[in-house]
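K.L.:
Dumping the structure here so I can ask a few things about it.
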Amino acid sequence: MSHDGHHSVVIPAPGPEFVPHTVAHHFDTPVQEFQSLKLGFWLFLATEILLFGGLFAAYFYYHDLYPETFREGGRLLSWKLGALNTSVLLASSWTMAMGVRSAQTSQKKKTLIFCGLTVLGAAAFMVVKFFEYKSKHDHGLVIFTELFSGYDEAAKQLPWFKDYDGAMANVPHGHMFFAIYLTMTAIHGIHVLIGAGLILWIMKGTAKGRFHAGYYLPVDLVGLYWHLVDLIWIFLFPLLYLVP
Amino acid sequence: MTTNVPVIDAHPTVPGLPKNYLNCSRGFMSWAGTLDHKRIGIMYLIGTLLTFLAGGVFALLVRLHLWEPHGMLFTNEKYNQIFTLHGAFMVFLFVIPAIPGALGNMVLPLMLGAKDVALPRLNLLSFYLWLSGAVLATLAIVLGGFDTGWTFYAPYSLYTNQAVVTIGLAIFLLGFSSIFTGLNFIVTTHKLRAAGLTWFRMPLFVWAIYATAILQVLATPVLGITVLLVAFERLYHIGIFDPRLGGDPVLFEHFFWFYSHPAVYIMVLPAFGIISETVSVHSRKPLFGYKLIAFSSLAIAIISFLVWGHHMFTSGQSTYAMFAFSFLTFFVAIPTAIKEFSWVATIWKGSIALNSPMLYTLAFLIIFAIGGLTGVILGALNVDLHLHDTYFVVAHFHYVMMGSIALAFFAGLHHWWPKMFGVIYDETLAKIACGIIFVGFNITFVPQFIMGSQGMPRRYATYVDEFHGYHQVSTIGAMILGSGVALMVYYLVASLLQRKPAMENQWGGVTLDWQTPTPPPLENFYAPPKVTHEVYDYSTLDLKTLQRPVS
């Protein structure tokens, strides 16, 4: 192993359509590089869970404080759309796992197909989400155009929560459920978009032949990220849609 | 000459061999785009020292204002902004990032015998996140400032008509800078140790940084989501912390302190790590209770997650929770005391060299004993009800943050300065500055203990006449302290200009960071080091060969 940086460790490409991988200069072996990045990524996933942990803590706290608000609010969500999105994400986790497997076995075309299907799943999820948000907007439960209008001190009213149907009229602080619903699903939605972007980046690298049996780490890590995004939704779905 | 490594000639005399990390490449981009942990460490050092000086200027302004009971310089609103700036700059831009970012980056890979940290790109990203946070924080001053105190307590932080969202975003970015640094150091410690460097042969600075990193990774995301929620609350009024909308401001305090108490240990554990190094090297004696110190760092890291409620004894919690928090707070004093006693026992019968790093270390040991014990006093429920939000608390945490952490940082800075730059500062001036800082610090904060115990509330722009004398003594002390720091900055900068060469191994250290050339080459070691001896084994140290001047 050279320490003057003149020659580095190279993992050969399994075929002419692939590119060899050069191990970063400060690692001695490919295994060391693989394990380091993997450990680092798991730690990063832990921080993601803790970040959402704050939101889950807020959910449980206010669920405990205003149980009727959460019961009535949850009834206004469409559990069918939620279940549809849950199925879409679960299926996309399967396609992502297949994509990782294909990369590990140097099957370029299959990797591209499965990653592509995963991106489609992400897009489908966001489309369903859009229609859910739109329905909340139309019923005056989360009026997106009024989100940043500020608090009306004189009328003691929130501009983004008008509740046209009076569905939340009999419970205290009806906006609270929708504030938490919006914050949690929006931050989750941003993660879905980031995940889709990362998978597109993986597809680009796959097309160039960068990932193969000798080196598939980035595919693996993006796969882990996608499973986490899925996992968080699996908790969000019952808490927001089914608990009532 | 070696205790930890087989013979490596650290002084290749053949011309044309690799240069050191400072002169191996030139130009702005060779620094701004560097992936070398040592250069990133230097950039952190410059950045955090500048914010420390800015925070220090704010502190002096606060003290000057309090020279007179009705306040001398500012309106009350302006005063609120100035002490908030002092707190926010010192905590988020200096104390949390300084030791891991500057000294940790510089020394940790050297101590492990690694060529770099495990994730160099992420390391550079951490620095730029820090820089963006610093720029945003400065921008927040321009945009009208912020007057919430560094704690951003709701509901005031939700209502005040100032740049809270900007500083909130700054803290979010600084948080991720801290997370990525911690993540990097955990991976580096696990995966990049030199051959033969077992966990119990690692220097205690590495153990301390490792324990810190666990806290950075596990606690900081909670701060991230908390400031994000405050920003959302201000932008579109979700109501989570806003009592007008059914929210609970005490929930903010729980979220905030769930991070910010562990953050106290994110700040102090690296300082402990530095002291473990300096106390051993400058006493030329293996550390007393090596494993106890290592495990006490981990114990502190774990217990620190369970004591946040002691910041909220007057905020309304259940009596039983307060009882548990109080007990756990006493409990955290045990591993901390293990460290203090171990350091003192290390000095005992050592070959003590009163070099300037050692003087800073001794100052730390004295001040930290006071800072730590007054914390135990505040952990007692009934006493805290009297002392809460008084100058007693202010004095307590300044004994820890300024007197302990900043002085440990100075100790480490003086200890590794010759390693970093290959030059040595004026040792006489360094000793004088240390004395001035120690005296000035105590003159500043002893009166604050006294007036705090008599009921002087913190954060007030004015005060009753009976505290006039204490405040004036405190202000004089702050000026002395400030002049000591100014002297330090002077001789450190002067040392870079005068370029008086340091020794290869200035203090006779035996850990791997002292087994590389001074300053180290780009990839730290010419051949991969192999550790065959226990850590802090001074038995075979041959000073004559080690202390050759840098060529």
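K.L.:
Which whole number of Å³ per residue matches the convex hull of the alpha-carbon atoms in chain B?
P.N.:
Residue-normalised Cα hull volume stands at 139 Å³.
K.L.:
In chain A, once you exclude exposed GluC sites (Glu not before Pro) (DSSP loop, at most 14 other Cβ within 10 angstrom), what's the longest stretch remaining?
P.N.:
On the way: sites that count: A:17, A:153.
Formally, the longest exposed-site-free interval is A:18-152.
K.L.:
Which FRET efficiency value, to the nearest 0.05, do you get for residue B:385 and residue A:110 by plugging their Cβ-Cβ distance into 1/(1 + (r/R0)^6) with R0 = 60 Å?
P.N.:
Details: r = 67 Å, r/R0 = 1.12.
The formula returns an efficiency of 0.35 here.
K.L.:
Quick check: residue separation of residue A:45 and residue A:213 times 0.36 nm, minus the Cα distance between them. What number comes out in nm? Numbers along the way, then the final one.
P.N.:
Values: separation 168, 0.36 × 168 = 60.48 nm, distance 2.45 nm.
Length gained, residue A:45 through residue A:213: 58.0 nm.
K.L.:
Past the 42 angstrom mark, what percentage of all C-alpha to C-alpha distances in the protein assembly as shown do you count?
P.N.:
So the portion of pairs separated by more than 42 Å is 36 percent.
K.L.:
Right, here's the next one. Please compute one quarter of the surface area of the Cα convex hull for the range B:215-371 and express it in square nanometres.
P.N.:
With the hull built on Cα positions only, its mean projection is 11.0 nm².
K.L.:
Where in the range B:330-428 are there trypsin sites (Lys or Arg not before Pro) that are in a DSSP coil and have at most 13 other Cβ atoms within 10 angstrom of their Cβ? Walk me through the numbers on the way to the answer.
P.N.:
On the way: sites: B:339, B:349, B:419; in loops: B:349.
Those satisfying the criteria are B:349.
K.L.:
Determine the dipole magnitude for chain B: charges of +1 sit on the beta-carbon of Lys and Arg, -1 on that of Asp and Glu, nothing else is charged, the reference point is the Cα centre, and the result goes in debye to the nearest 20. All intermediate terms of the calculation are to be shown ahead of the outcome.
P.N.:
Values: 27 positive and 24 negative charges, 279 e Å.
Roughly 1340 debye for chain B.
K.L.:
Using helices alone, I'd like the mean residue ellipticity at 222 nm for chain B: each DSSP H run of four-plus residues gives -39500 (n - 2.57), total over residue count, nearest 500.
P.N.:
On the way: 18 runs with 339 residues, N = 551.
Helix-only estimate at 222 nm: -21000 deg cm²/dmol.
K.L.:
Go through B:482, B:512, B:107 and say which Cα lies farthest out towards the positive end of the charge dipole of the range B:40-537; charges sit on Cβ, +1 for Lys and Arg, -1 for Asp and Glu.
P.N.:
B:512
K.L.:
Filter the trypsin sites (Lys or Arg not before Pro) in the range B:21-78 down to the DSSP loop ones having no more than 15 other Cβ atoms within 10 Å, then list what survives. Could you put the intermediate results ahead of the total?
P.N.:
Values: sites: B:26, B:38, B:39, B:63, B:78; in loops: B:26.
Listed in order of number, the matching sites are B:26.
K.L.:
Can I ask one more? Expressed as a whole number of Å, what is the distance separating the alpha-carbon centroids of the range A:98-177 and the range B:181-211?
P.N.:
So the two Cα centres are separated by 43 Å.
K.L.:
Right, here's the next one. Would you mind ranking A:108, A:162, A:134 by Cβ crowding within 10 Å, fewest neighbours first?
P.N.:
Values: A:108 18, A:162 15, A:134 12.
Ordered from fewest to most neighbouring Cβ atoms within 10 Å, A:108, A:162, A:134 come out as A:134, A:162, A:108.
K.L.:
To continue, here is another question. Using r as the Cβ-Cβ distance of residue A:201 and residue B:190, and R0 as 30 Å, what FRET efficiency do you calculate, to the nearest 0.05?
P.N.:
On the way: r = 27 Å, r/R0 = 0.90.
It comes to 0.65.
K.L.:
Using only C-alpha atoms and all pairs of different ones, pull out the Kirkwood radius for chain A in Å with one decimal. Numbers along the way, then the final one.
P.N.:
Values: mean 1/r = 0.0490 Å⁻¹.
The answer is 20.4 Å.
K.L.:
A further question on this structure: Report, please, the projected area of the range A:171-222 averaged over directions, based on the convex hull of its C-alpha atoms, in nm². If you can, show how the numbers build up before the last one.
P.N.:
Working: hull surface 16.8 nm².
The directionally averaged projection comes out at 4.2 nm².
K.L.:
What is the sum of charges around residue B:85, taking Lys and Arg as +1, Asp and Glu as -1, for the other residues whose C-beta is under 12 Å from the C-beta of residue B:85? List each step's numbers first, then the result.
P.N.:
Values: positive: B:78; negative: B:147.
Local net charge: 0.
K.L.:
Another question, if that's okay. Can you work out the FRET efficiency for the pair residue B:468 and residue B:159, with r the C-beta to C-beta distance and R0 = 51 Å, to the nearest 0.05?
P.N.:
0.95
K.L.:
Note the angle between two axes, namely the Cα long axis of helix A:217-237 and the longest principal axis of the Cα atoms of chain A, as a number of degrees from 0 to 90, rounded to the nearest 10.
P.N.:
In chain A, helix A:217-237 runs at an angle near 20 degrees to the longest axis.
K.L.:
Ok, one more. Residues of the range B:185-205 with the amide nitrogen closer than 15 Å to a label point 7 Å from the Cα of residue B:527, along Cα-to-Cβ, please.
P.N.:
B:195, by backbone N distance to the label point.
K.L.:
Still on this structure, I have one more. Can you list the DSSP H helices in chain B whose Cα atoms extend at least 30 Å along the helix axis and whose mean Kyte-Doolittle hydropathy is -1.0 or higher?
P.N.:
Details: long enough: B:37-65 (41 Å, 1.24); B:120-142 (33 Å, 1.44); B:164-191 (40 Å, 1.52); B:204-236 (47 Å, 1.72); B:249-283 (50 Å, 0.93); B:319-347 (43 Å, 1.30); B:356-379 (34 Å, 1.90); B:427-453 (39 Å, 1.28); B:468-498 (45 Å, 1.03).
Within chain B the helices that satisfy the rule are B:37-65, B:120-142, B:164-191, B:204-236, B:249-283, B:319-347, B:356-379, B:427-453, B:468-498.
Since every read-out is calculated from the coordinates, none of them should be taken as a lab result. Predicted model only: the values in this text are computed from it and were never measured. Counting neighbours? That spans all protein chains shown, and the Cβs are built from the backbone with ideal geometry, glycine included.
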